[in-house]
Each structure stands twice: as structure tokens, then as C-alpha cells.
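All remarks here apply to the structure that follows.
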Amino acid sequence: MTDVMLLWDNPLLFEKLFTENGLKCQRVLSTSVGTPFLPPCKCVVIPTGFANPAYTKICPGIENNARSFERFVRSGGILVVFGALMPEYVHDWLPMRLTYIEKHGEVGLVQVSSHEVSCIADVQDNVECDGYYSETDGRVIIENSEGNAVLVVKEIGDGLVIATTIHEFPSSAFLKYISEKAKRSKI
């Protein structure tokens, strides 16, 4: 059974990270979301650059499946969304309010709220971020040293949306958390 579905249109190094952490990962096209052909999974990951046509062509398939994503999360799935890599991007397909602003750089991290997802990166270190969230109705967990949100969560039904602009691979502890917390749901 699939643990993680990675929405992308060509092979990514990300896939290796999941398998090295004992998670069964399947890369799928965004146009497959909401069809009866995809098996249930625990987590859907949308990698960095999903909205930028210079990197991938998956954004229209994502934007056309808002109801499928909401149903997946409400049923206990975890949706992890990384940075859009666009100057500004409104995530109007998510079941939450979220606006992304692109701004690359190494920043310090400040944990402003307690949540298990904060293990995504070591807040003691400076990390690369590709931007921040200027607007959200989710709970801000980590901000950059300038006070901008870089890790946001929102519980919806039995599941969780996790949005981050941290431009590094998530930690093994984070992958373990999503694997143990999520329920298999149909996307």
C-alpha cells in the first residue's frame, strides 16, 4: 500500500528520501487526483516549485481538484505543500487561506507555537527558505527571523494541511510523524 503520493510529472530526488525512511512512495500526475484509479494513501506531498511552469506543469491539475484535496484531508489524510516558487501565489484550492511570497535566502527559524510538525527542521540552525506566507488562517508554527510565517498547519476534519517554505528535505522525524499520524484516505 502507498504511504505517500508525490504530485509531480518527472522523477525527483524526493522519492529516494521517502523510500530511505521506509515509506512507500508513488509519484503521480496531478490530473490523476480525484479519479478512481489512485489507491488510498496517508500523505500527499506537493513539492517546491509546483506553481512555476519553468519546473513543472502540475499546477492546473492541482487547482482543478480543490474538493478532492479537502475530502482527502477531512478523512484523515495529511497534505504537505511546499513553496510555489512564484513572486506571489494564492492557494485558493486549499481548504484554508494561504498566500505565498517568494523570497530566497538563508534565515534563522523561530518556533512560535508548539506542534509535532516543528520537527521538520532544526530550529537551532539557519536554513534555506524560498519565501514566506503573508496571509493565513492556519496556525503559524515557525517563523523566519524576520517574523514571517514559514511553517503553517491547519487541522481540517480528521486530517491536516501542512504548508512550508523551508527549502530543504524534511527530517526523518517529520516523515515518521506524518506516517504515524495520518489515516489512509482516498485522494
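The values are calculated or read from the model by the stated rules, or taken from the named source; none is laboratory data. Given the structure is predicted, the values throughout are model-derived calculations rather than measurements. Please note: Cβ atoms are built from the backbone with ideal geometry, for glycine as well, and neighbour counts cover all protein chains shown. What goes into the accessible areas is simple: the full protein's heavy atoms, side chains included, and nothing from ligands, DNA or RNA. Shrake-Rupley method; radii C 1.70, N 1.55, O 1.52, S 1.80 Å.
Beyond 26 Å in Cα-Cα separation lie the following of the pairs Lys16/Lys181; Lys57/Lys103; Lys103/Lys154; Lys103/Lys181: Lys103/Lys181.
Each Cα pair under 8 Å and six or more residues apart adds its sequence gap; the mean of these over the residue count of the chain is a relative contact order of 24 percent.
The helix-only estimate of mean residue ellipticity at 222 nm for the chain, built from DSSP H runs of length n ≥ 4 each weighted as -39500 (n - 2.57), is -4500 deg cm²/dmol after division by the residue total. Across the range 46-59, computed HN-Hα scalar couplings (Karplus, 6.51 cos²θ - 1.76 cosθ + 1.60, θ = phi - 60°) run 10, x, 4, x, 4, 8, 9, x, 6, 9, 7, 10, 7, 4 Hz from first to last residue, x flagging Gly and Pro.
Using the Cβ-Cβ distance between Glu180 and Gln124 with R0 set to 22 Å, the FRET efficiency from 1/(1 + (r/R0)^6) comes to roughly 0.35.
Calculated from the alpha-carbon coordinates, the range 73-125 shows an Rg and a Dmax of 13.5, 36 Å respectively. Applying 0.36 nm per residue to the separation of Glu146 and Leu13 and subtracting their alpha-carbon distance, the gain on full extension is 44.9 nm. You can think of it this way: the chain between Glu135 and Ser113 has 6.3 nm of extra reach, that is 0.36 nm per residue less the Cα-Cα gap.
Tyr55 sits with roughly 130 Å² accessible to a 1.4 Å probe, with DNA, RNA and ligands left out of the calculation. With only the Cα atoms considered, the range 22-105 has a convex hull volume of 114 Å³ per residue.
Counting only protein heavy atoms and using a 1.4 Å probe, the accessible area of Val110 comes to about 70 Å². Between Asn64 and Ser171, the simple label model (points 7 Å from Cα in the Cβ direction) yields a spacing of 3.9 nm.
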